[in-house]
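Structure record follows, encoded as structure tokens.
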Amino acid sequence: MNIESPTTRRRPHGLASRRVWFTAVTVPVCLWALVALAALIGQRWRADLGWIGLHAAALGVATNAIVTWSDYFVDALMRGAASSKARQIGVLAGLNVGTLALIGGIEAALNPLVTAGAALIVVAIVVHCASLWRRSRGALTTRLGSTVVGYYIACAGWFVAAGVFGFLMTTAGGGHLNRYLLAHIASAVLGWLGLAVIGTLVTLWPTILRTRMVPGAQTDARRALPLLNIALAVVVIGGVIGRGWLSALGLLGYLACLGFTLAAMMRAARVKPPRSFAARSVIAGMAWLVGTLVVATVIAAMGPDTATIMNRLTALAWPLLAGFAAQLIAGSMAYLLPVVIGGGPAMVRRRNRVMDMASNTRLVAANGAGLGFLLPLPTAGRVAMIAVAAACVAAFLTLVVATAVIRRPLRMADVPPARTHGFEAMLGVGVLVIALAIATAISPATMVGKGTANGAGSFGAVGNGQSQHVSVEAHDMKFTPNAIDVPAGTHLFIDVKNTDTGGMVHDLVLASGATSGRLSPGASGTLDAGVISASTDAWCSIAGHKQMGMTMKINASGAAPAGGAAAASSPSATHATPDPNAQMTADPWDAALQPAGPETEHRITLDVTEKEVEVAPGVRQLRWVYNGQAPGPVLRGHVGDKFAVTLINHGTMGHSIDFHAGALAPDGPMRTIQPGEQLTYDFTATKSGVWMYHCATAPMSLHIANGMFGAVIIDPPGLTQVDKEYLIIQSDHWYGAQGEGNDAARIGDGNPDAVVFNGYANQYDAHPLPATVGNRIRFWVLDIGPNEPISFHMVGGQFDTVWAEGAFRLECGYQPAAGVDPACGTLGPGGSQTLSLGPAECGYVEMVAPEAGHYKFINHVMSDAEKGAHGTLEVSAG
């Protein structure tokens, strides 16, 4: 079937309009390619620009190309009406505006803009594919056309899935981030890009070779489509449920199905060998796809957990997009642009000549640079590889522009002397060698930037030509060794291995920003520290680990001592402060208690997540929480009750649980579990009290201060019913910067920013606790700490019953109102004004409000009351 100029039979006078149209729709692709390239280079100075580069390549370059050329192929293969240009313009406008909004919203931290941009992109793709489906239903189609359209519809479904998983990444806490990230990448790259490419190559590949489709190719492609979708679904499911081996099986299945396409391509290539830039660029792109899939399969199969798998898979993002997708798009455009612009055979041949200029030189240089970028080259070498890749992209874009503006047909006098393909390939190798030589000669002295996790060391220092590898172990909250001595000017590589026996995740971060990446127990990573020109500091960036002693010193002999490094590693002096003019916008924590039920067995699941919440008017902090709240859920029962608690870690670091209500060896049930893991904690309540539960992962003070605590109330035998019961849990806050967690460096300095009841400063002043005159009211009180004591007092009230740490201090509340009671002394019933408790101590008090009014309950350590340990009991007349 001829797919070279499908529009000519419908628009015989439209040569100029076609030229304008396809030139216009190529412009966004080229512009987004420049954005992606600029972001790749710019991440040397700002690491998070890599995210923009990836999405500029995936949404800007690849998605624009897929939308444009899928329309073209459906026009070519279907004997029906041509697509509407108005609809195409609308789809492309929505796609590009949405991409700009998405990237801009992320940069400006405007979540509504991010959501609107993502929704606009998804709507554009849905509208596009709905149009393809309608046109295929209303056309005289071939079996080949139905197969290709089937691939386009399927890949659109995976695009929507990728959008859903991307949304879930922004809303789900902690450990689910990595799981949804794997599903997002698989859906976007293997589903949206992969299926679009495979479906297109069924007909495009033999067309590029200018040969017939090999027998059976269309049938194989049609049979492979459902199998590809099943394999991809297995990859995604394995990611979502955190089973790397299942994702590995899916990747193997995807590779096997891909084999049908590759076999058909090889059979066609044997008939007509690939000689053009277009054909060889497609081959190179498919080689990158196969190679990265093989590596990804091994990583998924051998990764100990989802976090480790994703940490390693992220290194494959650029190979997939630049090596696979970009080269497929470049090859397709190199063939299709001369054809669709048209102008007769001579004009097409001239444009083909332009696109093929120095083709093998460009291919060898570009792919060599891509491979070099993945190798542990010195910084200068990596800079050289980026420069070569940038030059190849610039050369391709220049040839695209030249192809679009050519107006003169090819004449024999225009044909340059033939060069052998081997000569051009050697030129490509020469480009790489020269780039490396130049970069090595000038060193990275003229560059400025930060190191990254994948081996890009810090620029800005002149090396002495020497390099040094040092092995470091991370374990038991320390690095061994914790000091490294190197001569100034040495290029330092640090091989970090996590040998922690307690299951803790660690990393190593330099003041320059270079990092090993997070390492699970048993995992290793290499940190490229760059050229060491001055002494500097390093530490573990996992929250609180630095404060527990996980620090390291890199000493540069013969150099000045560290200056800016120490400053960069110190905690921020700026921390959030409550706004006196702000109002509480969070829902109050429900302090009201219900009596213990009759059940004797209790089963509960505690999901650990990490989320930003309001903790005081005008103050938002990152909290690590059980079941989305701090304090966590309240458990209540009787002595002898059995509890089975399942802890599931959806966070981004190790967490645990310690129930003071249980008496048992802590080794197993209180162990730290990593993201994606779970454990079950079984205990029997043998003693009464208000028992604290909390995260016992080091540093314990930080995990508690960040919200990982709750209460288990085990009623004392014979506990009487009262009219109202409330639970008051006091905790301490050392605010970090707005939107961050507690400042680990300041915890324990004796000066918390806030001391609060039930997780929020002064919340029961804004939302008083209700009672009625004559009600007997019981306040259960638990001091969580981690540091501050409590002296619980009711302004205007007197406690007639005080129970603390398992025993009554005063129990006159149950005695007759008149007469002499031996338990209360000869002067009659006694009273208490406070219940004083230290961290992790508990008790309860009872009182009867004598009249209507507003009674303030406070921590009578007055400075703590003034920091938020303050509330109101609102007593009505009834």
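Points worth noting:
- Residues whose placed amide H lies under 5 Å from that of residue 754, excluding near-sequence neighbours: 733, 735
- Compactness ratio for the range 467-566: Cα radius of gyration over 2.2 N^0.38 Å (N = residue count) comes to 1.00.
- Under-5 Å amide H pairs with residue 520, H placed in peptide plane, nonlocal only: none
- Extending 7 Å from the Cα toward the beta-carbon at both residue 639 and residue 678 defines two label points whose distance is 3.4 nm.
- Classification of the range 193-297 by its C-alpha gyration tensor yields a prolate form. The axis ratio a/c (a ≥ b ≥ c) is 1.5 or more, and a/b outweighs b/c.
- Packing here is the average count of other Cβ atoms within 10 Å per residue, and on that basis the peptides 531-539, 477-485, 225-233, highest first, run 531-539, 225-233, 477-485.
- Distant alpha-carbon pairs in the range 646-685 (separation over 14 angstrom), percent: 40 percent
- Volume of the Cα convex hull of the range 601-876, divided per residue and given in Å³: 127 Å³
- Residue-wise HN-Hα couplings along the range 665-676, as the Karplus relation 6.51 cos²θ - 1.76 cosθ + 1.60 with θ = phi - 60° gives them from phi, are 4, x, 3, x, x, 9, 6, 6, 10, 8, x, x Hz; Gly and Pro carry x.
- The packing ranking of peptides 111-121, 783-793, highest mean first, is 783-793, 111-121, where packing means the average number of other beta carbon atoms within 10 angstrom of each residue.
- Inter-label distance, nm, simple model (7 Å from Cα along the C-beta direction), residue 467/residue 227: 4.3 nm
- Filter on 553/611; 478/553; 724/856 - keep pairs with C-alpha separation over 23 Å: 553/611
- Using θ = phi - 60° in the Karplus curve 6.51 cos²θ - 1.76 cosθ + 1.60, the 3J(HN,Hα) couplings for the range 523-531 round to 7, 10, x, 10, 9, 8, 7, x, 7 Hz; x is entered for Gly and Pro.
- Segment residue 437-residue 245, length gained on full extension (0.36 nm per residue, minus Cα span): 64.8 nm
- The stretch between residue 594 and residue 267, if pulled fully straight at 0.36 nm per residue, gains 110.2 nm over its current Cα-Cα span.
- For residue 490, the residues whose modelled amide H falls within less than 5 Å of its own, excluding neighbours fewer than 5 places apart on the same chain, are 464, 532.
- Computed from backbone phi with θ = phi - 60° and the Karplus coefficients 6.51, -1.76 and 1.60, the 3J(HN,Hα) list for the range 238-246 is x, x, 5, 8, x, 10, x, 5, 5 Hz; x is used for glycine and proline.
Every number here is computed from the coordinates shown, using simple stated rules; none is lab data. Because the structure is predicted, anything quoted here is derived from the model rather than measured. Ideal geometry is used to build each Cβ from the backbone, glycine not excepted, and the neighbour counts take in all protein chains shown.
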